[in-house]
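The values are calculated or read from the model by the stated rules, or taken from the named source; none is laboratory data. Please read these numbers as outputs of a predicted model, since none were measured by experiment. When we count neighbours, we look across all protein chains shown, and the Cβ atoms used for this are built from the backbone with ideal geometry, even at glycine. Each accessible area value is taken on the protein alone, full model and side chains, heavy atoms only, with ligands, DNA and RNA left out. Shrake-Rupley method; radii C 1.70, N 1.55, O 1.52, S 1.80 Å.
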Amino acid sequence: MAIVLDKSHRWRVVAAHAFLIALVCVVIFPFLMILSISLRPGNFAAGSLIPDQISLEHWKLALGFSYVDADGRTVNPPFPVLLWLWNSVKVATLSALLMVLLSTTAAYAFARMKFRGKSQALSALMLIQMFPAVLALVAIYAIFDRIGNVFPLFGIDSHASLLLAYAGGIGLHVWTIKGYFDTIPAEIEEAAKVDGASPWQAFRLVLLPMAVPILMVVFLLAFIGAIIEYPVASVLLSEERRLTLAVGSRLFLYEQRYLWGDFAAAAILSGLPITAVFILAQKWMVSGLTAGGIKG
């Protein structure tokens with residue numbers, strides 16, 4: 001049966017498509033500009049979107065290769081970009097796994113158990129998350145400086161201390177996972193216990209498989225947050241070989257010389273891990289976000 005549409009409906013469709021196209025252009029334009037800067041010879045931020053001459057010199061330096069410039073000089077990579085990228089991926093992956101582990105167990109306790117001070121603890125978690133991490137930089141530095149005097153592994157300039165600092169930001173994730181657990185009937189776990197499962201088996205074999213979408217959402221959010229995080233990492237890390245890519249990239253922009261081309265190539269490399277994780281988790285991301293939006 002043919003559907004008759006009025007003119008106003010067609011105009012709304014056209015307007016919606018125009019808005020979406022404009023939105024995509026606004027989002028993609030900064031990326032195209034950064035890509036253009038990374039492909040121009042020299043380190044210049046100004047210029048046309050389409051470079052007159054394509055050069056891979058910045059990408060060679062970012063990937064750890066030397067090149068010979070127009071004067072015949074060999075230019076070596078100024079900074080270990082790939083090592084910084086590896087540090088970022090390592091810290092982000094481990095911190096995301098740690099945050100999922102801690103927030104899942106904490107959310108299970110808040111969702112399924114009854115204990116004194118439960119509502120107050122939940123309110124405190126939400127209240128703490130309202131303060132930006134920048135306000136705690138002095139406290140974070142002082143704490144890990146003291147701990148490092150006793151346990152050097154968790155002192156200043158250590159990736160382990162950075163993982164612990166990131167693990168302190170699980171409050172919002174606890175709320176997110178708890179809201180999802182609340183929508184899963186507790187009777188399902190009770191039925192498993194009646195069939196002989198222990199509380200741990202009911203949690204691991206019954207509840208967790210049903211909560212995989214929201215766990216993947218939390219993992220991806222924690223991974224992205226750790227990859228792009230700068231203030232805490234800049235305070236705790238100082239040795240060049242231990243820096244993450246977000247912190248190390250600032251070295252390209254010192255006052256005497258701005259290496260915009262090298263900086264742009266490193267910036268694009270920093271987005272590759274996030275893109276890879278998003279593609280791998282896309283199946284669970286879609287279902288987790290839609291289910292969370294409906295159930296939460």
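Things worth noting here:
- Residues (outside any helix (DSSP H, G or I), of a type outside the set (A, V, I, L, M, F, W, C) and under 19 Å from GLY271 (Cα atoms)) located in the range 229-260: GLU229, TYR230, THR244
- Among residues of the range 197-211 that are outside any helix (DSSP H, G or I), those with a Cβ under 9 angstrom from a residue that is open to solvent by less than 70 Å² (accessible area, probe 1.4 Å) and charged (D, E, K, R), sequence gap 6+ or separate chain, pair up as ALA197/GLU189.
- Filtered residues of the range 86-111 (kept if of a type outside the set (Val, Ile, Thr) and farther than 30 Å from LEU269 by Cα): ALA106, ALA107, TYR108, ALA109, PHE110, ALA111
- Unmet requirement for ILE184, which otherwise passes all of (1) without any contact (Cβ under 8 Å) to a residue 60 or more places away in the chain; (2) assigned to a helix (DSSP H, G or I); (3) open to solvent by less than 20 Å² (accessible area, probe 1.4 Å): (2)
- A single member of ASP157, ASP195 is under 30 Å from LEU272 (Cβ atoms), surrounded by fewer than 20 Cβ atoms within 10 Å (Cβ to Cβ) and of a type in the set (Asp, Glu), and it is ASP157.
- Some residue of the range 39-53 being within 24 Å of the chain's Cα centre (by Cα), buried (at least 16 other Cβ atoms within 10 Å of the Cβ) and of a type outside the set (D, E, K, R): no
- Considering ALA226, ALA233, the condition of being under 16 Å from the mean Cα position of the chain (by Cα), open to solvent by less than 10 Å² (accessible area, probe 1.4 Å) and modelled with pLDDT of 90 or more is satisfied by ALA233 alone.
- Criterion applied to LEU172, LEU164 was being assigned to a helix (DSSP H, G or I) and under 18 Å from ARG242 (Cα atoms), and the one residue passing it is LEU164.
- Pick from the range 88-146, criterion more than 15 Å from VAL174 (Cβ to Cβ) and of a type in the set (S, T, N, Q), ranking: surrounded by the fewest Cβ atoms within 10 Å (Cβ to Cβ): THR93
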